[in-house]
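The values are calculated or read from the model by the stated rules, or taken from the named source; none is laboratory data. In this text the structure is predicted, and so the values were computed from the model without any measurement. Quick reminder, even Gly has a Cβ in these numbers, built from the backbone with ideal geometry, and neighbours come from all protein chains shown. Keep in mind that these areas ignore ligands, DNA and RNA; they rest on the heavy atoms of the full protein, side chains included. Shrake-Rupley method; radii C 1.70, N 1.55, O 1.52, S 1.80 Å.
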Amino acid sequence: MSARHPALGLLLLLLCPAQVFSQSCVWYGECGIAFGDKKYNCKYSGPPKPLPKDGNDLLQELCPGFFFGNVSLCCDVQQLQTLKSNLQLPMQFLSRCPSCFYNLMTLFCELTCSPHQSQFLNVTATEDYVDPKTQENKTNVKELEYYIGQSFANEMYNACRDVEAPASNEKALGILCGKDASACNATNWIEYMFNKNNGQAPFTITPIFSDLPILGMEPMRNATKGCNESVDEVTGPCSCQDCSIVCGPKPQPPPTPVPWRILGLDAMYVIMWVTYMAFLFIFFGGLLAVWCHRRRYFVSEYTPIDSNIAFSSNTSDKGEASCCDPLGAAFDDCLRRMFTKWGAFCVRNPTCVIFFSLVFITACSSGLVFVRVTTNPVELWSAPHSRARLEKEYFDKHFGPFFRMEQLIIQAPNTSEHIYEPYPSGSDVSFGPPLNKEILHQVLDLQIAIESITTSYNNKTVTLQDICVAPLSPYNKNCTIISVLNYFQNSHSVLDHQVGDDFYVYADYHTHFLYCVRAPTSLNDTSLLHDPCLGTFGGPVFPWLVLGGYDGKNLWRCLQIVKTCLLFRFIDFVKSYKNPNLTISFIAERSIEDELNRESNSDVFTIAISYAIMFLYISLALGHIKSCSRLLVDSKISLGIAGILIVLSSVACSLGVFSYMGMPLTLIVIEVIPFLVLAVGVDNIFILVQTYQRDERLQEETLDQQLGRILGEVAPTMFLSSFSETSAFFFGALSSMPAVHTFSLFAGLAVLIDFLLQITCFVSLLGLDIKRQEKNRLDILCCVGGTDNGRGIQASESYLFRFFKNSFAPFLLKDWLRPIVIAVFVGVLSFSIAVMNKVEIGLDQSLSMPNDSYVIDYFKSLGQYLHSGPPVYFVLEEGHDYTTHKGQNMVCGGMGCDNDSLVQQIFNAAELDNYTRIGFAPSSWIDDYFDWVAPQSSCCRLYNATHQFCNASVIDPTCIRCRPLTPEGKQRPQGKEFMKFLPMFLSDNPNPKCGKGGHAAYSSAVNIIGDDTYVGATYFMTYHTVLKTSADYIDAMKKAQLVARNITETMNSKGSNYRVFPYSVFYVFYEQYLTIIDDTIFNLSVSLGSIFLVTLVVLGCELWSAVIMCITIAMILVNMFGVMWLWDISLNAVSLVNLVMSCGISVEFCSHITRAFTMSTKGSRVSRAEEALAHMGSSVFSGITLTKFGGIVVLAFAKSQIFEIFYFRMYLAIVLLGATHGLIFLPVLLSYVGPSVNKAKRHTTQERYKGTERERLLNF
């Protein structure tokens, strides 16, 4: 027995290897039908059979590892064809990564054809089958166990887990695993692929995972390829997009800037608080020192603080005049003499002056016949040579203008969520209210009704199909409608399609929807329905475009639907549509422009009331009524109306002159300039009229001499303010912002013409009105005589003048009040400086709409529900060489492409979407073209005889592959071959056999020029993340430009000299905000600089006066920023125009007081400040403050938010800040640090009035 035992053991050792390595099959060929077009395999337990020669090409394509020797396999040609058909779906998604697809093919090739099947396949259920053709008895394999090595499964999964499906911005496994990619692993992926309930597997295959033999079965443990490994010498590793280990570390966004803080508080607050406290300490310390000094040297403690000893204010007055004093006095005297003579001439010759004034007005205003009002937002907000404008023009030239869109956001507030329970297994899924089938049917009815809208144009009926974008036209005339209903082919029958029996529903619209949101480009949902997901227009419907209100990846919990189509008569239809189950927010391409026009029309009445109040006040306030009996004689209604007409005429002249030049008007010019010129013009009118009313006619002085003398006194200050404003506005026209540039030109010319008409036409009219009054004729009814009380016209002081002279000025300039004024105003200034950097930039779109606009509801829904932003196109300018391997690698994102290629950098940016605001991986025409032209796919085929393109859907044996299935053929096409097939790709329509056709997706993305010899400009499209605020839009544009700049620099470093730039429809509107801070600083600085120069010259080189006036104006501007922060007014083109205007109006508030101070000959600064405020304060207060205040208050009732915010709030702030600074702060500041008396001017004035009544008036 001992001798037999070794022999028995040897026999067992010999038998075991024979069992493991023997070739034996478990099936061969196909038998009965499982379901649909799926068939069972026939059970077969014999050795492998030789493969017929007509299957060699197919075997080499699918399973090249078996293509050696005599090729005996466990499958026939039909099984290979079925394998190829079944692998079309995974090939579309996984072939991007050759090693991933290689491992997958290994799994299925071993399953289908391996000559060693019996080692790892175990048939567990069969059924008898009779072949209807041969009547041969066969056996169907109904269930099977597939023993798979756990390590093989893990390595296959690891090679595939990062593979992207760019069309849906999902991981490919999210489509192939039956669940979200984050929940997919090696085992449940393979289990899903082998589960017959997925609609693809013909029978159940149960995978059993183990690396060790189980029950005599040896698991399939073939070698795998990692995604960073090459499959063969031709193909390289997977791309960085599809294999994270190839990329290296994931890019990280730069750290968020740390807020500038001191002691845990905002740094600007701390700095300005400390600065303000230091100022108060120094200021009040200085006052205390002066007070002590005064107590020491003076008996009376009430001696003025700025007395001769305290500040030596008049010490220099006792000496000789400085070198600049005679120059200033001479210049002032020259202006006075010139205006005196001119005023006398105008009063003596009113008919001539008025006639030529009317001729001038008529000639200039006639240009209004050529007026052109631009409402094009691009022209309003974007400079012709700005970067965004040039890039828009480049995009429009090469790819066509961006199409017009209409969009609806639909909610179902009266419908509840419902739970979908997949059969026979799967997690329950919650569907939001709009995804109720009945709601979807109602929405589809609405969509069909919109598509059926027609209109008449040139006596022809126009339909949607006549004007819509149809990317597959003329082969497919379906319009581009981006709607969730396109998942159901916009068909009620497809929406109702379901498969089931009397007990269960196996697949219905839930099943199809869940598949389509993961694979929107699919032409077969792989369920029992087998319905396509691709839109009827030939393009994909991305879920992030048509679904919203969901969290993260749970698309099916949406609360609304977004739909985009292209048509007209859309607004009226949707407004009139009624459905109690649907709440609809919508917008059309023309909606914003229509609502702006409606807004302007709706606020015409409000604006008219505003101007009417100002006109009425001006007409009544100019008169000085001394008694009821002379009410109609002393009133100056007609003169006030004439003054208003002069102001409006100056505006009309300005508009006319620039209309002659072809410059278009804007709404800002029309709305703002009348307000500005009215403020400037009316102030000058009040100064001129009230100065006359207070003046005593000298002995033997005629009316023309008196008015000439008065004009000589006040015209220089009118000239100072008007010319300062004109220069400020004209210099402001240097701005590159169209809105500011246009406004500045029109405003500057209007102010200049207004000044010229005031010192000519208005002076003549004033002379005529005085003559009427002297003859006791009624105002307006000048031919009717009035009551003569025998007193005639007497010089008198108005109540307001007496209030300023006797009460306000003395009170304001008291010693105890002046320091408080300085402290308060400097405190407000410090606060404004602290918050300047916190003023928001941009313009909320909803603010430009009327309060009752339907567009506001759309904006609210847009911000609340949408999960994607506007599309963004990364444009590669014409000239790049796509035909070389190097040039392709710089751009593409697939296998073998550079890790810093164009597509890869955009993909990396999308990975950091919270920072870059690029939400999704780009659609890449060049990568899809390489997939399309690859010989492994069935997309690119040619007719053998004609070499013309043969679409993949055509069944014709004469159609052959474009490129051979050889190592060379598998490489990317280059040179002429690249250009040979590219036009075919761009004209190929997607179909069930090939979903990669580029006609719908890329026909407009690639410019082929030079008779199809080279590629011109191209773009790569993606989407921004959802953008809600102006800050979001601005940041998105900045980040996209940053990404494009990095791409350009990378490509330039590799030898390409062509630029990449981003383009989105909103860039041209938001580009202004990238430089708005610089533009604001530039415009306001230039305006202030010009005001300083003009003031310096007109005041006769009074340097310190010019400095003080500009400091006060600068304080007003800074405080305007403080008001903007407090009142939620953002910085944009509209507010910048108002800031430039406020700079001009501030001149009115400050220049008259400043000049009056410099012309005063009083002994001390306090006295001179008091005289200046008394003489000019009442005119400034009544001419600007009261005039504007009444009109501004009415604007608070405007329906438009933009009027209420940017006009009422800012205008009110301008008037209040200007009045308080000009009438309170400036006199106090001058009383402290005002310039000393110009001794030459004092001497000249004293000599001029020596021995006259005016000498007494100079020392009132």
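Quick notes on this one:
- Based on DSSP H segments of at least four residues, each scored -39500 (n - 2.57), the chain has a per-residue ellipticity at 222 nm of -15500 deg cm²/dmol.
- Paramagnetic reach from residue 974 in region 914-941 [backbone N under 20 Å; point 7 Å along Cα→Cβ]: 926-936
- Taking other residues whose beta carbon is less than 14 angstrom from the beta carbon of residue 1053, and scoring Lys, Arg as +1 and Asp, Glu as -1, yields +1.
- For the pair residue 958 and residue 61 in one chain, pulling the backbone fully straight at 0.36 nm per residue adds 321.0 nm over the alpha carbon distance.
- Estimated inter-spin distance, residue 128 and residue 273, nm [label 7 Å along Cα→Cβ]: 9.7
- 5 angstrom amide H check on residue 991, placed H, neighbours 5+ away: 996, 997
- Net charge dipole, region 680-721: roughly 120 debye, given to the nearest 20, about the Cα centre with Cβ charges of +1 for Lys and Arg and -1 for Asp and Glu.
- Over region 645-731, relative contact order from alpha-carbon pairs under 8 Å, at least 6 apart, %: 26
- Linear extension gain, residue 775 paired with residue 1104, 0.36 nm per residue minus alpha-carbon span: 113.7 nm
- Charge dipole (the chain, unit charges on Cβ, about Cα centre) - positive-most of 541, 524, 177: 541
- Its Cα centre serving as origin, region 927-1000 has a Cβ charge dipole (Lys and Arg +1, Asp and Glu -1) of approximately 140 debye.
- Note, ³J(HN,Hα) from phi for region 868-884, Karplus 6.51, -1.76, 1.60, rounded to Hz, x at Gly and Pro: 8, x, x, x, 10, 10, 8, 9, 9, 5, 4, x, 5, 8, 8, 8, 9
- Alpha-carbon centroid distance for the pair region 200-217 / region 331-392, whole angstrom: 91
- Annotation: per residue accessible area for the chain equals 43 Å², rounded to a whole number [probe 1.4 Å, protein chains only].
- Label of the coordinate-derived value, P(r) over Cα pairs in 10 Å bins from 0, in percent, listed as (1) 2, 8, 14, 15, 14, 11, 9, 8, 7, 5, 3, 2, 1, 0, 0, 0, 0; (2) 2, 8, 16, 22, 22, 17, 9, 3, 0, 0; (3) 1, 7, 13, 17, 18, 15, 11, 8, 6, 3, 1, 0, 0: (1)
- Evaluating 6.51 cos²θ - 1.76 cosθ + 1.60 at θ = phi - 60° for every residue in region 1038-1054, the Karplus couplings come out as 4, 5, 5, 5, 5, 4, 5, 5, 5, 5, 4, 5, 5, 5, 5, 5, 9 Hz, glycine and proline recorded as x.
- Carbon plus sulfur fraction of accessible area for region 1075-1150, probe 1.4 Å, in percent: 80
- Gap separating the Cα centres of region 47-95 and region 457-536, nearest whole Å: 34
- Label positions at residue 154 and residue 469, each projected 7 Å from the Cα along the C-beta direction, are separated by 4.8 nm.
- Estimated FRET transfer efficiency when R0 is 22 angstrom, pair residue 945-residue 987 (beta carbons, to 0.05): 0.65
- Region 357-459: C-alpha gyration tensor shape, a/c 1.5 cut-off, then a/b vs b/c: prolate
- Coupling constants for region 517-526 follow from the phi torsions by the Karplus curve (6.51 cos²θ - 1.76 cosθ + 1.60, θ = phi - 60°), and in residue order they are 5, 8, 9, x, 8, 5, 9, 7, 7, 6 Hz; glycine and proline get x.
- Ranked by solvent-accessible area (1.4 Å probe, protein heavy atoms only, all chains present), the residues 405, 1037 order from largest to smallest as 405, 1037.
- Average Cα contact separation per residue, region 862-1005, under 8 Å, 6 or more apart, as relative contact order %: 18
- Counting only Cβ charges, +1 for Lys and Arg and -1 for Asp and Glu, the dipole size of the chain around its Cα centre is about 3920 debye.
- Full extension of the chain between residue 915 and residue 260 yields a length gain of 233.7 nm, computed as 0.36 nm times the residue separation minus the alpha carbon distance.
- Simple label model, 7 Å out from Cα along Cβ direction - residue 206 to residue 661, nm: 8.9
- A cut-off of 5 Å between modelled amide H atoms, ignoring neighbours fewer than 5 places along the same chain, links residue 123 with 145.
- Heavy-atom surface analysis with a 1.4 Å probe gives region 402-537 a carbon and sulfur content of 48 percent of its accessible area.
- With Cα atoms, 0 to 90° folded angle of helix 738-757 axis to the chain main axis: 20
- At R0 = 30 Å, FRET efficiency that the Cβ-Cβ distance of residue 441 and residue 573 yields, to 0.05: 0.95
- The residue list 864, 876, 1219 was ranked by how far each Cα lies along the charge dipole of the chain toward its positive end, using unit charges on Cβ atoms, and 1219 comes out on top.
- Distance between region 1146-1160 and region 938-1004 - C-alpha centres, whole angstrom: 81
- Close amide H partners of residue 417, meaning residues 5 or more places away or on another chain with modelled amide H under 5 Å apart, do not exist here.
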